[in-house]
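Right, one structure below, let's go through it.
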């Protein structure tokens, strides 16, 4: 009943696992990795061979001679003596934080600018301001020539004196009008700097027209768009709509899947069903859906590719509804349910039915075109090569075009 082998009694020890397999050897080695196998093959099973036989790394040695080492000190002393270090010291009476080029033009200080402020202004900036002041005063003298009263900029200040004090260079434009000066020599500034006195009358500085050198603000968007190209859309009854690219909004996100009856009312303004409304408006003018290719194809081609298929579906639906009442339309486009009752088709099955009917009509026209037209008439150019039409839709579209029948241009582009 009990085993005579004493070693088998160990399987009854509590906590033993997989007792049906007996005692396992815990020192079993797992399968070595590929890197370990490659290393053993490379070093013949001796991993320490590479380290033992590797050359000892030594530090870099200074191979210079004693004479070369001793020659460095005299060379360094000779260089320091030949090129001594110089500390920059600013000139007396100048601002050490501002560098003034010796090539800058000499600009005498203006009477209204103090010595301390003049020293902190760079010559290039003062030169620009002197040009601006000189041109402004020249403009004032030109304006004064058209008036009968002398112009005085404050008591005791003349235009010529201010022009001289502003240090206008010889290249500045000069005026041929006579210099008009005041009677007194008081150099005090006027009490109101925003106006100039003309014999008891006041001329505002803002009314003076600036010269061409004065930078003006960029024109706003409305004025800038005045120069953009325009397009003119001819609608029904000779109505013309002129618009720019900025006037075209994004294609409206509109769907007629649940209101197919509304399509004829917004499709064409030449139709008696037109109700004068449209989801697209340009300059507060409703644009019928039939004109969408003219509006979007050229200026917004990427957006037109996104709505082209939807627009073509609308076109097919409107053509199917034309010439019949809505009652007859739904009688024709109805399908029976499992109980045999007719129900109008939904939007997607309706488009599928129309596509199937259009395919049958295209095949009939294609057979007729192959008998009436020549091969040269049924070719199209793609790049530099001529190809013969093979698709029935393309052949039918070519036949309609040659016979003057209305063509579904927006649905037959895939050659």
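The values are calculated or read from the model by the stated rules, or taken from the named source; none is laboratory data. This one's a predicted model, so the numbers in the text were calculated from it and none came from an experiment. Here the Cβ positions follow ideal geometry from the backbone for every residue, glycine too, while neighbour counts run over all protein chains shown.
The residues of region 269-280 that are within 17 Å of residue 329 (Cβ to Cβ) and either buried (at least 16 other Cβ atoms within 10 Å of the Cβ) or touching a helix residue (DSSP H, G or I) at 6+ places or on another chain (Cβ under 8 Å) (or both), listed by number, are 271, 273. Taken residue by residue, region 349-364 has at least one member that is outside the structural domain of residue 255 (by TED's automatic domain parsing), surrounded by 13 or more Cβ atoms within 10 Å (Cβ to Cβ) and over 26 Å from residue 264 (Cβ atoms). Among the residues of this structure, residue 307 counts as one that is within 23 Å of residue 241 (Cβ to Cβ), outside the structural domain of residue 244 (by TED's automatic domain parsing) and without any contact (Cβ under 8 Å) to a residue 60 or more places away in the chain. If you go through region 246-277 and keep only what is within 19 Å of residue 309 (Cβ to Cβ) and touching a strand residue (DSSP E or B) at 6+ places or on another chain (Cβ under 6 Å), you end up with just 252.
Taken over region 375-394, residues that are surrounded by 10 or more Cβ atoms within 10 Å (Cβ to Cβ) and over 21 Å from residue 362 (Cα atoms) amount to 1.
Of all the residues in region 246-261, those that are exposed (fewer than 15 other Cβ atoms within 10 Å of the Cβ) and in a helix (DSSP H, G or I) number 2. Sub-9 Å Cβ pairs linking a first residue in region 227-238 that is assigned by TED's automatic domain parsing to the domain that holds residue 295 to a second residue that is assigned to a loop (DSSP other than H, G, I, E, B) and exposed (fewer than 11 other Cβ atoms within 10 Å of the Cβ), at least 6 apart or interchain, are 233/239, ordered by first then second residue. Among all residues of region 45-57, there is none that is at pLDDT 85 or above, out of contact with any helix residue (DSSP H, G or I) (no Cβ under 7 Å at 6 or more places or on another chain) and part of a loop (DSSP other than H, G, I, E, B). Screening the candidates 388, 360 for the property of being modelled with pLDDT of 90 or more and out of contact with any helix residue (DSSP H, G or I) (no Cβ under 9 Å at 6 or more places or on another chain) yields one hit, 360. Filtered by the rule that a residue be in contact (Cβ under 8 Å) with a residue 60 or more places away in the chain and assigned to a helix (DSSP H, G or I), region 284-304 gives 293, 294, 295. The lone criterion from (1) buried (at least 19 other Cβ atoms within 10 Å of the Cβ); (2) closer than 30 Å to residue 336 by Cβ left unmet by residue 398 is number (2).
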